[in-house]
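These notes are about the structure you will find just below.
Nothing in this text is a laboratory measurement; each read-out follows from the coordinates by a stated rule. Predicted, not measured: the structure shown is a model, and the values here were computed from it. Methodologically, a virtual Cβ is constructed for each residue, glycine included, from the backbone with ideal geometry; neighbour enumeration extends over all protein chains shown.
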Amino acid sequence: MARSRAREPQKATLDESLESALSQRPEQGFDTPTLVVYREVRKPLPGDFTLEIRRARLDSLVVYDVTESELGTLELGSPDSIFLNFAVFLLSSAIAFIIALLTTEVRSPYVFLVFVTFIFVALVASGVLLCLWRTSRRSVSTCARIIRGRLPPEGT
């Protein structure tokens, strides 16, 4: 038996394919799932843009299961840089106000009170932000470590 030449795919519209699939089994109606294949084949025209697709082969692919809470932690990202930036800003501002208070003579008790209050608030806020930075920095890295720890060692 001689093998025939491979047939060229025919150009068909979606309506024609659906109509032909339904006409083959009219007694079954829409209750039975029917596979409809739609393919349009055309030859490239002279002005068409051609794109070369190059694919590199992967040796292996590792897929991790992630829970909803872990996904939420990873989506929020790490707010540690914002906490650290504000902590450094407030700490340096407090130090600048301390230096200004020690090197100048303040005659008004109200100005002195504002300076001392700002220094106190800035030092406390920078301490709180540094503590928040330290804890939040650990939460994202701990989450990633837990997810990576689910992968069994190679060879088991």
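Annotations
- In the distance distribution for the stretch 87-144, Cα-Cα pairs more than 13 Å apart total 64 percent.
- Packing-based ranking, highest mean first, of 97-107, 115-125 given that Cβ atoms within 10 Å are counted: 115-125, 97-107
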